[in-house]
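Q: I have a structure here, written as structure tokens, and I will follow up with some questions on it.
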Amino acid sequence: PPPRRAATDAAMGGAGVAPRNKRFVNTMNPASATARDSLSFMADFGLSGKASLFKDGDLKGTKTLFNINDFVISFPMWRRTAFMVGIQPFSDTGFSLSYIDKITSGEQSIGYTGNRAYGAAGDGGLNQFFAGASALLWNRLSIGAQYNLFFGTISKYSQSQFTDASYRGQTMGDTLQVRAHSAKFGLQYEQPVGAAGKFVLGATYRLKAKVTGHAIEYSNVAELDLGTHDLAKDNIRLGDEIGLGLAYNQGDKWSLELDYLRSDWSDSNFDLVRGFRNNGVHAFTTSTAQSLKAGFEITPNRNDIRYFLRRCTYRLGAYMDQSYYQVDGKNIMSAGVTLGMTVPVFQGYNGITFAIDLGQRGFGSNFVKENYLGFHVGFNIFDIWFRKPQYQ
């Protein structure tokens with residue numbers, strides 16, 4: 001799936017290529033780090049989870065995932081420059097499937113093994129460590145660059161067991177220990193409109209990343225135990241990504257954002273390597289991922305001293321994603337709507353952000369459909385560094 005966003009971006013449908021907001025850390029575009037008060041220190045820490053309901057005809061199943069969403073800090077370095085460093089999940093693997101094949105003694109040509117139970121499961125995922133810097137030029141153009149390290153472990157296994165314990169079942173699996181290095185570049189250009197309005201054009205590009213690491217293949221059948229395999233020999237790559245975004249801000253009151261993302265995985269070779277590819281009856285091939293995201297936020301009155309809810313920020317978003325893979329030549333689509341709000345706490349720009357994501361993956365296809373409800377909680381931390389106290 002697409003990488004998870006900070007709670008503020010998640011509430012905006014995942015949009016974040018163009019916005020420049022000095023109140024929050026934007027991890028989607030390294031050029032956004034310069035959007036800040038001159039001596040401000042900002043941090044973002046978030047938690048997220050997702051509850052899913054899977055349907056395949058009359059079959060149903062549920063799955064719940066929970067994880068730390070991100071931890072990011074950002075601070076100024078030198079005149080009109082800023083630094084950002086953090087870690088966040090890049091992808092998740094989480095599934096558990098089971099099926100019982102009821103066999104009668106009349107169907108067995110040799111002996112009676114009893115019913116057979118089949119199962120498959122997987123967990124783990126990739127994390128992304130990143131460190132980037134940006135600079136503001138001519139008060140309107142911000143450019144940024146970022147180093148990315150992807151790492152993590154993905155485990156998958158399948159098994160078949162017999163009711164009759166005298167017959168031996170079979171378990172096979174793969175544990176993938178993955179690493180990859182990449183870089184990301186971004187820019188944002190601001191154009192004032194009228195007294196308080198401002199258009200912002202944003203763009204990002206992430207390079208492809210060669211995957212290294214090891215695949216540990218195992219089985220309880222000795223002759224099928226293949227040991228450890230070097231993934232660097234398989235020429236696997238994470239796809240590149242280009243992002244384009246447009247935002248409009250009306251002062252510090254409301255903003256509208258629109259993003260388009262495209263990521264090419266067609267030559268990633270994931271569909272050719274054991275542990276990544278699908279070994280079932282359906283053909284799995286990598287393709288091109290595309291996303292369209294939009295979001296709107298409004299703060300009725302940040303300085304209202306009478307009504308607390310008028311100082312809160314409210315968000316609404318929507319998105320449509322085309323996954324990076326195809327099943328039997330068909331793209332897997334997902335779409336959803338998002339809602340969220342930021343509640344100010346203490347002084348400055350400190351706040352707690354809540355977001356929910358209601359969507360469906362697999363609509364318009366004959367395969368498994370997933371209805372999901374995601375939630376995000378983010379803690380926005382703000383402070384002023386190197387402020388010199390004055391006494392009278």
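Conditions (1) acidic (D, E); (2) more than 17 Å from the chain's Cα centre (by Cα), marked per residue:
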residue: Y314; (1), (2): no, yes
residue: A318; (1), (2): no, no
residue: D321; (1), (2): yes, no
residue: T342; (1), (2): no, yes
residue: L373; (1), (2): no, no
residue: H376; (1), (2): no, no
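Q: Among the residues of segment 79-113, how many are modelled with pLDDT of 85 or more and open to solvent by 50 Å² or more (accessible area, probe 1.4 Å)?
A: So the count comes out to 3.
Q: Give R140, R116 a once-over and let me know the one that is among the basic types (K, R) and modelled with pLDDT under 80.
A: R116
Q: Turning to a different aspect of this structure: Does segment 59-104 hold any residues that are within 27 Å of the chain's Cα centre (by Cα) and free of Cβ contacts under 8 Å to residues at least 12 places away in the same chain, and which are they?
A: K60, T62, listed by residue number.
Q: Taking only pairs six or more apart or across chains, which ones have beta-carbon atoms under 8 Å, a first residue in segment 195-210 that is under 16 Å from F150 (Cβ atoms), and a second residue that is open to solvent by less than 20 Å² (accessible area, probe 1.4 Å) and of a type in the set (V, I, T)?
A: The qualifying pairs are K210/I236.
Q: Every residue in segment 44-71 that is open to solvent by less than 10 Å² (accessible area, probe 1.4 Å) and within 19 Å of P344 (Cα to Cα), please.
A: Within segment 44-71, D44, G46 qualify.
Q: Select from segment 206-218 the residues that are on the phi < 0 side of the Ramachandran plot and in contact with a helix residue (DSSP H, G or I) (Cβ under 8 Å, 6 or more places away or on another chain) and write down the one among them that is surrounded by the fewest Cβ atoms within 10 Å (Cβ to Cβ).
A: Top of the filtered list is K210.
Q: Name the one entry in R262, R306 that is farther than 25 Å from G378 by Cβ, open to solvent by 30 Å² or more (accessible area, probe 1.4 Å) and modelled with pLDDT of 90 or more.
A: Only one candidate passes the filter, namely R262.
Q: Turning to a different aspect of this structure: Is it fair to say F185 is modelled with pLDDT of 95 or more and either under 24 Å from S96 (Cα atoms) or of a type outside the set (A, V, I, L, M) (or both)?
A: yes
Residues are listed down the side, and each one gets a yes or a no for (1) out of contact with any helix residue (DSSP H, G or I) (no Cβ under 8 Å at 6 or more places or on another chain); (2) of a type in the set (G, A, S); (3) closer than 20 Å to V200 by Cβ; (4) assigned to a loop (DSSP other than H, G, I, E, B):
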site: L244; (1), (2), (3), (4): yes, no, yes, no
site: S263; (1), (2), (3), (4): yes, yes, no, no
site: A289; (1), (2), (3), (4): yes, yes, no, no
site: R310; (1), (2), (3), (4): yes, no, no, no
site: Y314; (1), (2), (3), (4): yes, no, no, no
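Q: Additional query: If I go through segment 228-250 residue by residue, how many of them are at pLDDT below 85 and open to solvent by 30 Å² or more (accessible area, probe 1.4 Å)? Step through it out loud before you land on a result.
A: Step one: list which residues in segment 228-250 are at pLDDT below 85, which gives 228-234.
Retained after the next criterion (residues that are open to solvent by 30 Å² or more (accessible area, probe 1.4 Å)): 228-230, 232-234.
Residues flagged as at pLDDT below 85 and open to solvent by 30 Å² or more (accessible area, probe 1.4 Å) within segment 228-250 amount to 6.
Q: Any residue at all in segment 15-38 that is at pLDDT below 85, over 17 Å from V343 (Cβ atoms) and open to solvent by 20 Å² or more (accessible area, probe 1.4 Å)? Steps first, please.
A: Taking segment 15-38 first, the residues at pLDDT below 85 are 37-38.
From the residues that got through so far, the ones that are over 17 Å from V343 (Cβ atoms) too are 37-38.
Imposing the further condition that a residue be open to solvent by 20 Å² or more (accessible area, probe 1.4 Å) reduces the set to 37-38.
Yes - at least one qualifying residue is present in segment 15-38.
Q: Now, a different point. Do you know which of the residues in segment 168-205 that are basic (K, R) and more than 22 Å from L137 (Cα to Cα) is least open to solvent (accessible area, probe 1.4 Å)?
A: If we take residues in segment 168-205 being basic (K, R) and more than 22 Å from L137 (Cα to Cα), then R179 is least open to solvent (accessible area, probe 1.4 Å).
Q: If I ask for residues that are farther than 18 Å from N69 by Cβ, of a type in the set (A, V, I, L, M, F, W, C) and part of a loop (DSSP other than H, G, I, E, B), which ones from segment 10-34 would you list?
A: Result: V17, A18.
Q: For residues in segment 360-370 being in a strand (DSSP E or B) and modelled with pLDDT under 90, which is least open to solvent (accessible area, probe 1.4 Å)?
A: So the residue we want is E370.
Rundown of residues vs (1) open to solvent by less than 50 Å² (accessible area, probe 1.4 Å); (2) within 30 Å of F284 (Cβ to Cβ); (3) at pLDDT 90 or above, yes/no style:
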site: E297; (1), (2), (3): yes, no, yes
site: R310; (1), (2), (3): no, no, yes
site: T313; (1), (2), (3): yes, no, yes
site: V327; (1), (2), (3): yes, yes, no
site: K330; (1), (2), (3): no, yes, no
site: A335; (1), (2), (3): yes, yes, yes
site: Y349; (1), (2), (3): yes, no, no
site: A355; (1), (2), (3): yes, no, yes
site: L358; (1), (2), (3): no, yes, yes
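Q: Still on this structure, I have one more. Quick one: is F284 at pLDDT below 90 and either surrounded by 18 or more Cβ atoms within 10 Å (Cβ to Cβ) or of a type in the set (K, R) (or both)?
A: no
Q: Right, something else. Here are the criteria: (1) of a type outside the set (G, A, S); (2) under 30 Å from A18 (Cα atoms); (3) open to solvent by less than 30 Å² (accessible area, probe 1.4 Å); (4) at pLDDT below 95. Tell me which single one Q146 does not satisfy.
A: Of the numbered conditions (1) of a type outside the set (G, A, S); (2) under 30 Å from A18 (Cα atoms); (3) open to solvent by less than 30 Å² (accessible area, probe 1.4 Å); (4) at pLDDT below 95, the odd one out for Q146 is (4).
The values are calculated or read from the model by the stated rules, or taken from the named source; none is laboratory data. Bear in mind that the values here come from a model prediction, so they are computed numbers and not experimental data. Virtual Cβ from ideal backbone geometry, glycine too; neighbours counted across all protein chains shown. Heavy atoms of the whole protein, side chains included, go into the accessibility calculation; ligands, DNA and RNA do not. Shrake-Rupley method; radii C 1.70, N 1.55, O 1.52, S 1.80 Å.
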